[in-house]
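Every read-out reported here was derived from the displayed coordinates using simple, explicitly stated rules and does not represent laboratory data. Here the structure is a predicted model, which is why all the values come from computation and not from measurement. Note that each Cβ is placed from the backbone with ideal geometry, even for glycine, and that neighbours are counted across all protein chains shown.
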Amino acid sequence: MPLPPAKSSFSLLVLLFLAITATSSAHNITRILAKHPEFSTFNRYLSLTHLASEINRRLTITVCAVDNAAMDDLLDKHMSIYTLKNVLSLHVFADYFGSKQLHRITKGTTLTATLFQATGEAPGTSGYVNITKLKGKKVGFAAEDNDGHFSANFVKSIQEIPYNISVIQISNFITSPAAEAPVAAPAEVDLIDLMSKKGCKEFAKLLQNSQISKQFTDLMENGLTVFCPIDKVVNTFLPKYKNLTKNGQISLLLYHGIPDYHSLGMLRSKNGFINTMATTKGKNNKYDFSIQNDGDNVKLETNIVTAKITGTLLDEEPIAVYKIDKVLQPSELFKAQSINTKDTSSGDSDGDDGDGDVPADSTAANNNGAMIMSVNGGWLITFVLSIIGNLVFV
Ligand SMILES: *[C@@H]1O[C@H](CO)[C@@H](O)[C@H](O)[C@H]1NC(C)=O
Ligand SMILES: *[C@@H]1O[C@H](CO)[C@@H](O)[C@H](O)[C@H]1NC(C)=O
Ligand SMILES: *[C@@H]1O[C@H](CO)[C@@H](O)[C@H](O)[C@H]1NC(C)=O
Ligand SMILES: *[C@@H]1O[C@H](CO)[C@@H](O)[C@H](O)[C@H]1NC(C)=O
C-alpha cells in the first residue's frame, strides 16, 4: 500500500535520522586526541565549545589539530568562547583528507567547506578553506580570501579512519578575520532583566516564579525566540493563569518560546505552523501556533486567540524577543469560545493526554523535520530540507 507523501517522507526522515545518529558511535575525537598529550589544549577546547559532539556525529570529516604551543598563541588573543568556537570550527572540514588525499589534490589547489560554513555563522564564503600544494611537497592551509599567504602547513597524520574521519596536525591555526570577529556572548543577555525593563515585567515575574527561566537561557546560545505579552494583558489574564495546574502553567510559559532564532524578517516571510518550547514529540500535545502576515503585521494565531507583534525588545542573532498584545492560549490548555471551536483539548488538563499517534498531515511532516533539524543542526538542515523538498514538493 503506497503511503501518502507526508507519511512516507516522515518515515524516510526517521530512517535518515537513525542512519545518521547511528554513526555517532563510529568515532570519538576526544578519545582519539587523548592519546596525544601535545594536543590536550586543542582537545579540551573542542569539548568546551561542544564541537567534539558535532564531530562525533558526522562522517567524512577532517579535523586539523594544532599543538599546545599554537593553542597558547590563539588563547593569548583572549577571544570569547563563542569566537573561539568559530575559529576552531574553521579547522573541521566537511570532507575526508588523509595524508594521501592532501598530496594528491587535483590541480594542486582546492576549496573545502568547514563546520564554520555549515553553522551559517560565516559571512559569504568565509567558511571555506583553501588547501594548496606548495613548493617542496608542502601542503598549505589558508582562509578562502587569502593574499597568497598560507598560515598553516600540514605536519603529520594523527589518525585516519578512511573515509570516516581523518585527524591531522597542522603547524599553526588558520587565520581568518571572519572567524576571529568578536561574537556577542548570548549568555550576557539577562532575559528577565531585559523583559522587566521593556514592558514585560509581569511575564518576566511568571517566568522567574515558575523556575523555568533556565529552560529559556539554556537555548540562548543556539537560538531562541521569545514572545512576551505586555504587562496590561498579563494582569487581566492572571486569574485564568492561576487556575491552571502547575504543569499547565509551565506549558503556557514554554508556549511563548521557540527553540530557534527568528528575526522579524524571517517571521514576515513565514506563513504556517511553528513548534514551541512546549511541543513534545510523540504526543498529541503539539503546542504549535500559526504565523500569519498581513502587510507588515506579524500575527500569531492559536485556535483561541490571535496576537500581534507590537515591538522588538531584542533582535541579535541567536536571540530575539518580541512584545505581543495578547497572552498566547494553546488549545491544549483552553477551550475555544468562538464558533471556530476545534476541540482536541480536555480543558485545563495538565497537557499529558494524547495517544502517541504520528499525525499524517503535512504540518506534522514539517514539525518532524524541524525536530530533526534542532537535534542535528548545521549540515543536516540543508540536507533534510532538500529531502523534504524532493519528496513533498517535486
Ligand atoms: C565508518 O563508519 C561506519 C558507520 O558508522 C562504520 O560502520 C564503519 O565501521 C566505520 N569504518 C571504520 C574503518 O571504522
Ligand atoms: C568519548 O571519549 C571520552 C574520553 O574517553 C568520553 O569521556 C566520552 O564519553 C566519549 N564520548 C562518547 C559519545 O562516547
Ligand atoms: C588558493 O589560494 C591561492 C593563493 O591565493 C590561489 O592561487 C588559488 O587559486 C586558491 N585556490 C582556489 C581553489 O581558490
Ligand atoms: C477556573 O476553572 C473553573 C473550572 O474549570 C472554571 O469554571 C472557571 O471559569 C475558571 N476561572 C477562570 C478565571 O478562568
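Taking Cα centroids, how far is region 86-123 from region 129-165 in Å? Region 86-123 and region 129-165 have Cα centres spaced 9 Å from each other. Neighbour counts of C-beta atoms inside 10 Å place TYR82, TYR255 in the sequence TYR82, TYR255, starting with the fewest. Each residue of region 144-160 was assigned a 3J(HN,Hα) from its phi angle through the Karplus expression (A = 6.51, B = -1.76, C = 1.60, θ = phi - 60°), giving 4, 8, 10, 10, x, 9, 10, 6, 9, 10, 5, 9, 7, 8, 9, 7, 10 Hz with x at Gly and Pro.
Within straight-line reach of LYS138, meaning a Cα separation under 18 Å, sit the following lysines at least 8 residues removed in sequence or on another chain: LYS100, LYS107, LYS156. Report note on the peptides 245-252, 83-90: ranked by the mean count of other C-beta atoms within 10 Å, highest first, their order is 83-90, 245-252. Computed from backbone phi, the HN-Hα couplings of region 50-65 come to 6, 6, 4, 5, 4, 5, 5, 6, 9, 10, 6, 9, 10, 10, 9, 8 Hz, rounded to whole numbers (Karplus: 6.51 cos²θ - 1.76 cosθ + 1.60, θ = phi - 60°; Gly and Pro given as x).
Amide hydrogen proximity for TYR322: with H placed 1.01 Å from N in the peptide plane, the residues at 5 or more positions away or on another chain lying under 5 Å are VAL226, PHE227, CYS228, LEU313.
Which whole-number percent of Cα pairs in region 121-208 have a distance greater than 16 Å? Result: 69 percent of Cα pairs exceed 16 Å. Using only alpha-carbon positions in region 130-269, the gyration tensor eigenvalues give semi-axes of 51, 17, 12 Å once each is multiplied by 5 and square-rooted (largest first). Along its three principal directions, the equivalent ellipsoid of region 208-320 from the Cα gyration tensor extends over semi-axes of 21, 17, 15 Å, largest first. Highest mean first, the peptides 65-77, 216-228 sorted by other C-beta atoms within 10 Å per residue fall in the order 216-228, 65-77. Semi-axis lengths, largest first, of the ellipsoid equivalent to region 235-285 are 25, 16, 9 Å, with √(5λ) applied to each eigenvalue of the Cα gyration tensor. Backbone geometry of region 252-260 corresponds, through the Karplus equation with coefficients 6.51, -1.76 and 1.60 at θ = phi - 60°, to 3J(HN,Hα) couplings of 4, 5, 5, 5, 8, x, 10, x, 6 Hz, x marking Gly and Pro.
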